[in-house]
Amino acid sequence: MADKLHFELVSPAKLLKSADVDMVVVPGTEGDFGVLPAHAPVVSTLRTGVIEVHDGGESEKLLVVGGFAEVNSAGLTILAELATPINEVDKAGYEAELKNLTEDVQDAKDDEAKARAEKARDKVASILEVLEREAA
Amino acid sequence: MANLKDLRNRIASVTSTQKITKAMKMVSASKLKRAQDAAEAARPYAERMENVLSSIASSMKGQTGGPALLAGTGSDQKQLVIVATSERGLCGGFNTNIVKAAKAKIKALIEDGKEVTIITIGKKGASVLKREYEDKMVQHFDMSHVKNLAFDDALPIASRLIEMYEAGDYDVCTLFFAKFINVLTQEVTPLQLIPASISDEGGADLGIACYEYEPDENEILEDLLPRNVGVQLFRALLENAASEQGSRMTAMDNATRNAGEMIDDLRTTYNRSRQAVITNELIEIISGAEAL
């Protein structure tokens, strides 16, 4: 039995990370869960949140937006639409985007455009929320 | 025989054409490298996605119903054809081949009495299709602002497709794009985006592992399937970009070679006629001197 967990983080554009680690904490839609080596096979969707990768006493935090996680005998695979190390996240950029999108919601002419703008706004808002929580 | 000045001008013009085609070839060679890397980098995501999807799908096989994106609407009367081509020309048979395959499919569908609608991505295909099927084209996505295709560029198209599907605008959606095999070969491939075409193979080897689903299978599928449309589309567009550059590189390489041959021919003719002029002048001088 391997005493390390094989962890892969994949975004649509590329394979971001592939490493053997001690533990990964995954923000599942129904709550965070920690994955240790030899975890039972699970498929779970993700919410916007932070992945914590623990290895040798050190931990690394990555912001993920949308996606899902799969655990099988080979290890843990996270497919995320967007994943960035938390200290590289461009918070000011998101804040500006949120402002923009909030204006979009106000300017939206018909219901359909409004719904779309609201969806985009909520997505960015949830990212900022996570960032705030992490900073606190 | 053309006079010397004309020949000189033609040599100059062909030489400058050759310079252009050569530069274009080199540009597309470097772009091809980047496009190919991007296409390869996108592969793991698409593959994992397919694996998970097919394992969930196979576990749900016996059940009826399920999300419409997977099961279909139960009809294939309304067909949507998406034609993905390039934004720029001068890339050999790339656009022609895609459009030809798409046209054949559209024609067959119409003959079968189906309702066909067309969405185009990339203006080269759109302008050709417009001649014949303007009334059937519902939307065009302009990609000319996109330099390096990112997932965010594919998303709006995918969400529009899902919107249309949910509104009942079509039952089956097929995407035409050129699959990149190597620099010389690109294969036009029809890909059924909706309902999701899922191979059984991936499910078989994952089927052994008995997954726990969180939340349940249905919810995961509902989350996954729209995402899958985006991923498949993104992947196809990346392949298309690589194919375009490959095709352009080959076409420009041929053009450069043809220009070289043409220059050689012209130069031979030029030298011959130059010599003929000199010989003529000599004959005139000599016969003039003899006559004295």
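No lab work stands behind these numbers, since they all come straight from the coordinates. Please read these numbers as outputs of a predicted model, since none were measured by experiment. Cβ coordinates were reconstructed from backbone atoms using ideal geometry, including for glycine residues, and neighbour counts include every protein chain displayed.
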Item checked: Student exercise, the range A:1-129 dipole from Lys, Arg, Asp, Glu Cβ charges, in Debye to nearest 20 -> 180
Next item on the list: Give me the angle, in degrees from 0 to 90, between the Cα long axis of helix B:217-291 and the longest principal axis of the Cα atoms of chain B, rounded to the nearest 10.
Entry: 10
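Against the globular-protein guess of 2.2 N^0.38 Å, express the Cα radius of gyration of the protein assembly as shown as a ratio, rounded to two decimals. Walk me through the intermediate numbers first.
Values: Rg = 29.1 Å, N = 428, 2.2 N^0.38 = 22.0 Å.
So the Cα radius of gyration is 1.32 times the expected 2.2 N^0.38 Å.
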Next item on the list: With unit charges on the beta carbon (Lys/Arg positive, Asp/Glu negative), name the residue among B:Y170, B:L266, B:I119 whose Cα is farthest towards the positive pole of the charge dipole of chain B.
Entry: B:L266
Next item on the list: Identify all aspartates and glutamates with a Cα-Cα distance to A:K109 below 17 Å; exclude those on the same chain that are fewer than 8 residues away in sequence.
Entry: A:E118
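Calculated from DSSP H runs of 4 or more alone, at -39500 (n - 2.57) each and per residue, what is the 222 nm mean residue ellipticity of chain A, nearest 500? If you can, show how the numbers build up before the last one.
On the way: 2 runs with 42 residues, N = 136.
That calculation yields -10500 deg cm²/dmol at 222 nm.
Chain A: D in µm²/s via Stokes-Einstein (Kirkwood Rh, Cα pairs, 4 °C, 1.567 mPa s)? Each step should come with its number before you reach the end.
Values: Rh = 16.0 Å.
Estimated via Stokes-Einstein, D reaches 81 µm²/s.
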Checklist line | Per-pair calculated FRET efficiency, R0 = 25 Å: B:K147 and B:S127 via Cβ, rounded to 0.05 | finding: 0.70
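Round to the nearest 0.05 the FRET efficiency obtained for A:K61 and A:A115 when R0 = 41 Å and r is the Cβ-Cβ distance. Before the final figure, lay out each step's value.
Values: r = 32 Å, r/R0 = 0.79.
The formula returns an efficiency of 0.80 here.
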Notebook entry, point to check: Say the dipole of chain B comes from +1 at the beta carbon of Lys and Arg and -1 at that of Asp and Glu; which of B:A71, B:I220, B:S197 then lies farthest toward its positive end?
Noted result: B:S197
Next item on the list: Subtract the Cα-Cα distance of B:N182 and B:R257 from 0.36 nm times their separation in residues, and report this length gain in nm to one decimal.
Entry: 25.0 nm
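List the equivalent ellipsoid semi-axes of chain B in whole Å, largest first, each obtained as the square root of 5λ for an eigenvalue λ of the Cα gyration tensor. Before the final figure, lay out each step's value.
Values: eigenvalues 653, 85, 38 Å².
Three semi-axes, in Å: 57, 21, 14.
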Note to self: Below 17 Å, Cα to Cα, which aspartates and glutamates can A:K17 reach? Residues fewer than 8 away in the same chain don't count.
What the structure shows: A:E8, A:E52, A:D55, A:E58, A:E60, A:E70, A:E81, A:E88, B:D37, B:E40, B:E47
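Return the FRET efficiency for the residue pair B:R8, B:S58: r is the Cβ-Cβ distance, R0 is 51 Å, and the value is rounded to the nearest 0.05.
Working: r = 72 Å, r/R0 = 1.40.
Plugging the Cβ-Cβ distance into 1/(1 + (r/R0)^6) gives 0.10.
Which percentage, to the nearest 5, of the DSSP beta bridges contained in the range B:22-251 is antiparallel? Let's see the in-between values first.
Values: 8 of 24 bridges.
If I count the DSSP bridges inside the range B:22-251, around 35 percent turn out antiparallel.
Work out, step by step, the length gained on full extension between A:D90 and A:T29: first 0.36 nm times the residue separation, then minus their alpha carbon distance; give nm to one decimal.
On the way: separation 61, 0.36 × 61 = 21.96 nm, distance 2.42 nm.
In short, 19.5 nm is gained.
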Item checked: Percent breakdown of C-alpha pair distances by 10 Å bin, ordered from the shortest bin, for the range A:1-62 -> 21, 56, 23, 0
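Sorted by packing (mean other beta-carbon atoms within 10 Å per residue), highest first, where do B:117-125, A:30-38 land?
On the way: B:117-125: 23.2, A:30-38: 13.7.
Order by mean packing, descending: B:117-125, A:30-38.
Determine the percent antiparallel among the DSSP beta bridges restricted to the protein assembly as shown, to the nearest 5.
Numbers: 44 of 67 bridges.
Around 65 percent of the beta bridges assigned by DSSP in the protein assembly as shown are antiparallel ones.
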Check: Using a cut-off of 26 Å between alpha-carbon atoms, which lysines can reach B:K105, once sequence neighbours fewer than 8 places away in the same chain are excluded?
Finding: B:K78, B:K114, B:K123, B:K124, B:K130, B:K136, B:K179
